[in-house]
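Enquirer: What follows is a structure written as structure tokens; I'll ask about it next.
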Amino acid sequence: MKRLLARSATILGIVIAATLYSSCYVVSEGQQALITQFGRPVGVETEPGLKFTLPFVNTVTWYDTALHAIEPPTDLIILGDQKRVEIDTYSQFQIVDPLRFSQSVRTIDDARSRLTQIISSSLRRVLGAVTLPALLSTRRDAIIGEIRDDVAATARPLGVEIVEVRIRRADLPPETSQAIYDRMTSERRREATELRAQGFEWAQEIEAKADRERSVILAEAQLKARIARSEGDAEASRLFADAFGQNVKFFTFYRAMESYRHALAESTPMLVLTPQSELLKFFNAGAP
């Protein structure tokens, strides 16, 4: 009998200990606890510490308050100027209302899936009114802020708070980039051809102008040279005439010597003259 009582007391103690253990739970730092009673939410604990609940009646589900990352697949977005761009985004969210979160999405994976759809819809809605130059300009931060606010407002009923939405990369699709590159190459080649043709035309104009100026300068120089030569010849003739008038015999002798010098040079043809030739009179008579 005593053994039966001792065994019963032991079993009762175990049951009491199990009941006390199941009625206690701990909320750690960075955690939130959702208490449900037969599947119906009855409370939320956000303060850390030791908590008590009804054993075998209430169920405790923990949700952490850490930031959760979302990396959606690359979206192909049509901008306001009908340009197609590939948008790669990165987002972070935090559970702020465990009750709403449990009622709407329940798990983190489901939350990521819903938020990916929300982010994609917000990107298409906001960027559908934005041009490519604006997206690549200093307005990019304001555009990202508008997307973040839109996503946060849509995601608030899910019990989460959108902490960050970032556009990591915004690129043209490969086929569009190649088409733009080909078009830019053709445009640059066309501009180069036009510039070469224009340069050739300018070169011809410069050469023609230089030739005209050269011809004018040469003509003017030749004219001035002929005028100067004529004036020099006239002055020489005048001086010669004046000098000839002062001493006729000397200048007659001088002119004869000049004739001898030119006539008897090695390059002149051979002359056959008689001793009585007028040209040789100074050889026979000597200087006057």
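Enquirer: On the basis of being touching a residue at least 12 places away in the same chain (Cβ under 8 Å) and under 17 Å from residue 76 (Cα atoms), does residue 123 make the cut? Break it down into steps so the answer makes sense when it comes.
Expert: Working: touching a residue at least 12 places away in the same chain (Cβ under 8 Å): yes; under 17 Å from residue 76 (Cα atoms): yes.
The answer is yes for residue 123.
Enquirer: Using the structure shown, decide if residue 153 is closer than 25 Å to residue 65 by Cβ and without any contact (Cβ under 8 Å) to a residue 60 or more places away in the chain. Before you say what the answer is, go through the steps one by one.
Expert: Numbers: closer than 25 Å to residue 65 by Cβ: yes; without any contact (Cβ under 8 Å) to a residue 60 or more places away in the chain: yes.
Judged against the criteria, residue 153 is a match.
Yes/no matrix, rows are residues, columns are (1) among the hydroxyl-bearing types (Ser, Thr, Tyr); (2) assigned by TED's automatic domain parsing to the domain that holds residue 126; (3) touching a strand residue (DSSP E or B) at 6+ places or on another chain (Cβ under 7 Å):
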{"site": "167", "(1), (2), (3)": "no, yes, yes"}
{"site": "197", "(1), (2), (3)": "no, no, no"}
{"site": "201", "(1), (2), (3)": "no, no, no"}
{"site": "206", "(1), (2), (3)": "no, no, no"}
{"site": "220", "(1), (2), (3)": "no, no, no"}
{"site": "225", "(1), (2), (3)": "no, no, no"}
{"site": "233", "(1), (2), (3)": "no, no, no"}
{"site": "254", "(1), (2), (3)": "yes, no, no"}
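Enquirer: What do you reckon, is residue 123 surrounded by 19 or more Cβ atoms within 10 Å (Cβ to Cβ), modelled with pLDDT of 85 or more and of a type in the set (A, V, I, L, M, F, W, C)? Write out each step before concluding.
Expert: Values: surrounded by 19 or more Cβ atoms within 10 Å (Cβ to Cβ): yes; modelled with pLDDT of 85 or more: yes; of a type in the set (A, V, I, L, M, F, W, C): yes.
Answer is yes for this residue.
Enquirer: Test residue 160 against the stated conditions and say whether it is at pLDDT 85 or above, in contact with a helix residue (DSSP H, G or I) (Cβ under 7 Å, 6 or more places away or on another chain) and closer than 15 Å to residue 89 by Cβ. So that I can check it myself, show each step before the final result.
Expert: Details: at pLDDT 85 or above: yes; in contact with a helix residue (DSSP H, G or I) (Cβ under 7 Å, 6 or more places away or on another chain): yes; closer than 15 Å to residue 89 by Cβ: no.
Answer is no for this residue.
Enquirer: Separate question: Condition check: within 25 Å of the chain's Cα centre (by Cα) and free of Cβ contacts under 8 Å to residues at least 24 places away in the same chain. Does residue 110 satisfy that? Reasoning before the result, please.
Expert: Values: within 25 Å of the chain's Cα centre (by Cα): no; free of Cβ contacts under 8 Å to residues at least 24 places away in the same chain: yes.
Judged against the criteria, residue 110 is not a match.
Enquirer: Of all residues in the stretch 77-99, how many are touching a residue at least 60 places away in the same chain (Cβ under 8 Å) and closer than 26 Å to residue 158 by Cα? Explain how you work it out, then say what you get.
Expert: From the stretch 77-99, those touching a residue at least 60 places away in the same chain (Cβ under 8 Å) are 83-99; that's our starting set.
From the residues that got through so far, the ones that are closer than 26 Å to residue 158 by Cα too are 87-99.
Number satisfying all stated conditions: 13.
Enquirer: If I ask for residues that are assigned to a helix (DSSP H, G or I) and surrounded by fewer than 14 Cβ atoms within 10 Å (Cβ to Cβ), which ones from the stretch 85-112 would you list?
Expert: So in the stretch 85-112, the residues assigned to a helix (DSSP H, G or I) come out as 98-104, 108-112.
Residues satisfying the conditions are 109, 110.
Enquirer: Separate question: Only one of (1) surrounded by 14 or more Cβ atoms within 10 Å (Cβ to Cβ); (2) part of a helix (DSSP H, G or I); (3) not small (Gly, Ala, Ser) fails for residue 141. Which number is that?
Expert: (1)
A quick yes/no check of all residues on (1) in a helix (DSSP H, G or I); (2) modelled with pLDDT of 75 or more; (3) of a type outside the set (Val, Ile, Thr):
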{"site": "209", "(1), (2), (3)": "yes, yes, yes"}
{"site": "217", "(1), (2), (3)": "yes, yes, no"}
{"site": "226", "(1), (2), (3)": "yes, yes, yes"}
{"site": "235", "(1), (2), (3)": "yes, yes, yes"}
{"site": "256", "(1), (2), (3)": "yes, no, yes"}
{"site": "284", "(1), (2), (3)": "yes, no, yes"}
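Enquirer: Only residues that are in contact with a Lys or Arg (Cβ under 8 Å, 6 or more places away or on another chain) and under 30 Å from residue 101 (Cβ atoms): list them for the stretch 115-154, please.
Expert: The answer is 144, 150.
Enquirer: What residue, of 118, 87, is of a type in the set (Val, Ile, Thr) and farther than 15 Å from residue 169 by Cβ?
Expert: Values: 87 fails: farther than 15 Å from residue 169 by Cβ.
118 is the lone residue from the list that is of a type in the set (Val, Ile, Thr) and farther than 15 Å from residue 169 by Cβ.
The values are calculated or read from the model by the stated rules, or taken from the named source; none is laboratory data. Note that this is a predicted model, so its numbers are computed, not measured. Cβ: placed from backbone, ideal geometry, glycine included. Neighbour counts: every protein chain shown.
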